[in-house]
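Report on the following structure.
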Amino acid sequence: MVSVGDVVPTRMEKIKRTNWAANIMYDGAFHEMTAIEEIPALVQSLEKVTAVGTGHTFNHIADSPCNQISLRLLHEVSTFDEVSRTVTVQAGITYDQLCPYLEDRGFAVHNLASLIQLSVVGACSTATHGSGDKNGNLATSVSSLEMVTADGELVKLSRHNDVDFSAVLVGLGAFGVITQLTLDIQPAFNVEQYVYERLPFDQLRDHFDAIMASAYSVSVFTDWQDQQNNEIWVKSRVGDGEKFEATQKFFGATLATQKLHPVRNLPAETCTEQMGIPGPSFERLPHFRMGCTPSVGEELQSEYFMPRHYAAGAILALQGLSDEITPNVFVSEIRTVAADEFWMSTCYHRASVAIGFTWKPDWPAIKSLLPKIESVLAPFDPRPHWGKLFHFSPAELHSKYEKMDDFVQLASKYDPKGKFRNEFLSSYIFTPCS
Ligand SMILES: Cc1cc2nc3c(=O)[nH]c(=O)nc-3n(C[C@H](O)[C@H](O)[C@H](O)COP(=O)(O)OP(=O)(O)OC[C@H]3O[C@@H](n4cnc5c(N)ncnc54)[C@H](O)[C@@H]3O)c2cc1C
């Protein structure tokens, strides 16, 4: 452990700020760090503080009425090592800053979310994921981290040597301020993206495994209308022996003849290249292009993760609610994610199907719909995305994570006075449940 320096004055913003979706006002003081060395003294001096990345979460997980600390100006690559195939980055870096840097040097990360503008640390903290049977969430590529704890100490944890690592990385901001991350990288690869239209639901139900295993990353989009899925996006690695052979028909769906947006009738200019034109993985694995507004722009989101063998059952259960879901949803996305070892990961010890909802921004309507969705999904043991909107009670959430008590104990060891506990964490994680 390294100890703390003196308090250094930092930039503090007073202007009104919100999360990306603008459904949450960030009211706390905003402390924007300009050097990693400033962080220990600032953290030590504050009674309460929550770290914020790029604010792409839809709930209060990154919020604080007191103090938010931002590392967005700290986005340098500290070390790039092509021999060990690792890159060490300051925690404020975003994937759209990191990926072009890696591509220029012939390297890439294993997978990406639907958008590339997220901070690496914020994404890892909530177990953010893309798709692909063999692809773990984005945190699975991280091999070590550095973090400033409540008393201003700098702690280093590695996947190889420290048991705490599996709790702290997908840590929901509860352990401290992560300042640096080391990621595994791999040789750059190209991806071809094909979109198919009108996949019948019965084909998805009967051939879920084959459809999702057909390429490196597969997403199915539906608005739950017409007994069919609107689109399947098939992202195939070029030149790795598992190339997807695009035929006109794919499980009853038809190859699109023009570029499409996942949401019916929205223009596709903001979407990544399709029609099988190969390109760098970071320009194909996300659905939305760098520099463009991702998704719809004005929206809310929810997402649930079930053991993947429940996929067909969960999809059918949601179909039964289509009369209520369809009017409120822009689109739903169905993806698969590999199991991992992070205690609070939505995919902890279970290969998962993730079913996401991009909602129209009508919170009262969504708020009354979420309990119904959670109720029909209940037989399939759903875990909600930490960064999205859900209705589960703290007790229900606790029952979904076998390592929850260990997580609470460990977080309390790192942060005995609850400096990093905001209202979200206090309510959902640290509230004793009986
Ligand atoms: C349009 C859109 C599309 C999305 N698509 C996907 C998707 O494809 N897959 C998916 O899984 N999610 C997706 N999300 C959700 C979102 O990406 C994640 O929830 C992610 O956590 C957001 O990252 P962020 O940097 O914005 O984090 P923030 O919202 O800023 O913070 C998230 C968490 O990270 C913690 N944190 C931030 N910085 C630090 C730090 N330095 N140290 C310790 N903790 C820290 C915060 O305290 C908080 O707990 C999407 C969101 C949007 C808006």
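Couplings for segment 174-185, taken from phi via the Karplus curve 6.51 cos²θ - 1.76 cosθ + 1.60 with θ = phi - 60°, read 8, 9, x, 9, 6, 10, 9, 9, 10, 10, 6, 10 Hz in order; Gly and Pro are left as x. The residues of segment 49-136 present an accessible area of 32 Å² per residue when probed at 1.4 Å with all protein chains retained. Can you classify segment 180-328 as rounded, prolate or oblate using the Cα gyration tensor, where a ≥ b ≥ c are the square roots of its eigenvalues, rounded means a/c under 1.5, and otherwise it's prolate if a/b beats b/c and oblate if not? In terms of gyration-tensor shape, rounded. Full extension from GLU103 to SER426: what is 0.36 nm times the residue separation minus their Cα-Cα distance, to one decimal in nm? Fully extending the segment from GLU103 to SER426 adds 112.2 nm.
Close amide-amide hydrogen proximity is noted between ILE69 and HIS31, THR50, ALA51, VAL52, each under 5 Å apart and 5 or more residues distant or on a separate chain (H modeled in the peptide plane; Pro and chain starts excluded). Take the solvent-accessible surface of the protein heavy atoms, probe 1.4 Å, and return the percent of it on segment 354-434 that carbon and sulfur atoms account for. That fraction is 53 percent. Annotation: aspartates and glutamates with alpha-carbon distance below 20 angstrom to LYS403 (same-chain offsets under eight excluded): ASP162, ASP164, ASP340, GLU341, ASP381, ASP415. Of all lysines in the structure, the ones whose alpha carbon falls short of 26 Å from that of LYS360, not counting any fewer than 8 places away in one chain, are LYS16, LYS259, LYS372, LYS388. Taking GluC sites (Glu not before Pro) across segment 16-74, the ones in a DSSP loop with at most 14 further Cβ atoms lying within 10 angstrom of their Cβ are GLU47. Candidate membrane-span-like segments in the chain, meaning DSSP H helices with Cα atoms spread over at least 18 Å of their own axis and a Kyte-Doolittle mean of 0.0 or above, are 363-377, with no membrane implied. With the charge dipole of the chain set up from +1 on Lys and Arg Cβ and -1 on Asp and Glu Cβ about the Cα centre, the Cα lying farthest toward the positive end among the listed residues LEU115, SER141, PHE282 is that of LEU115.
Comparing SER302, SER345, SER84 in a Gaussian network model of the chain, where Cα atoms under 10 Å apart are tied by springs, the biggest mean-square fluctuation is seen for SER84. Reported to the nearest whole Å, the Cα centre-to-centre distance from segment 64-125 to segment 136-213 is 12.
What fraction of the DSSP beta bridges in the chain is antiparallel, stated in percent and rounded to the nearest 5?
Beta bridges within the chain, antiparallel portion: roughly 90 percent.
The phi torsions of segment 357-362, fed into the Karplus equation with coefficients 6.51, -1.76 and 1.60 and a -60° offset, translate into couplings of 10, 9, 8, 5, x, 10 Hz, rounded to whole numbers, with Gly and Pro shown as x.
Within segment 38-125, what whole-number % of the accessible surface is contributed by carbon and sulfur, with the 1.4 Å probe and all protein chains included in the calculation?
Working: 1480 of 3040 Å².
Summing carbon and sulfur atoms, their accessible area is 49 percent of the total for segment 38-125.
Give the shape of the chain as rounded, prolate or oblate, defined through the alpha-carbon gyration tensor: a ≥ b ≥ c are the square roots of its eigenvalues, a/c under 1.5 means rounded, and otherwise the shape is prolate if a/b is larger than b/c and oblate if not. Prolate shape, in that a/c is at least 1.5 and a/b is the bigger ratio. When the solvent-accessible area of segment 138-225 is split by element, carbon and sulfur atoms take up 42 percent of it, the probe being 1.4 Å.
Per residue, the Cα convex hull of segment 117-242 amounts to 146 Å³. With both labels modelled 7 Å from their Cα along Cα-to-Cβ, the LEU255 to ASN23 distance reads 3.9 nm. A cut-off of 5 Å between modelled amide H atoms, ignoring neighbours fewer than 5 places along the same chain, links GLY252 with no other residue.
Where a ≥ b ≥ c are the square roots of the eigenvalues of the C-alpha gyration tensor, would you call segment 109-184 rounded, which needs a/c under 1.5, or, failing that, prolate if a/b is larger than b/c, or oblate? Because a/c hits 1.5 or more and a/b exceeds b/c, segment 109-184 counts as prolate. Look at the dipole of the chain built from charges on Cβ: of TRP386, SER166, MET25, the Cα furthest out on the positive end belongs to MET25. When the GluC sites (Glu not before Pro) in segment 227-274 are filtered for DSSP coil states and for at most 11 other beta-carbon atoms within 10 Å of their beta-carbon, the remaining sites are GLU245. For segment 361-434, taking Cα atoms only, Rg and Dmax work out to 14.0, 40 Å respectively. Dipole check for segment 128-171: with +1 at the C-beta of Lys and Arg, -1 at the C-beta of Asp and Glu, and the Cα centre as origin, the magnitude is about 240 Debye. Over the chain, Cα pairs under 8 Å with separation of 6+ residues give a relative contact order of 17 percent.
Modelled this way, with points 7 Å down the Cα-to-C-beta line, the labels at ALA339 and LEU73 are 4.5 nm from one another. The HN-Hα couplings worked out from phi for segment 393-402 by the Karplus form 6.51 cos²θ - 1.76 cosθ + 1.60 (θ = phi - 60°) are 7, x, 5, 5, 4, 4, 5, 8, 10, 5 Hz, whole numbers, x standing for Gly and Pro.
For segment 375-434, GluC sites (Glu not before Pro) meeting the loop criterion (DSSP other than H, G, I, E, B) and having at most 15 other Cβ atoms within 10 Å: GLU402. In the context of the full set of protein chains, residues of segment 251-405 present 37 Å² of accessible surface per residue (probe radius 1.4 Å, heavy atoms only). Distant-in-sequence amide contacts of SER143, defined by a placed amide H-H separation under 5 Å and a gap of 5 or more residues or a different chain, comprise THR182, LEU183, ASP184.
Note on segment 150-265: with charges restricted to the Cβ of Lys and Arg (+1) and Asp and Glu (-1), its dipole about the Cα centre is near 360 debye.
The values are calculated or read from the model by the stated rules, or taken from the named source; none is laboratory data. This one's a predicted model, so the numbers in the text were calculated from it and none came from an experiment. For neighbour counting, all protein chains shown are included, and Cβ atoms are generated from backbone atoms with ideal geometry for every residue, glycine included. What goes into the accessible areas is simple: the full protein's heavy atoms, side chains included, and nothing from ligands, DNA or RNA. Shrake-Rupley method; radii C 1.70, N 1.55, O 1.52, S 1.80 Å.
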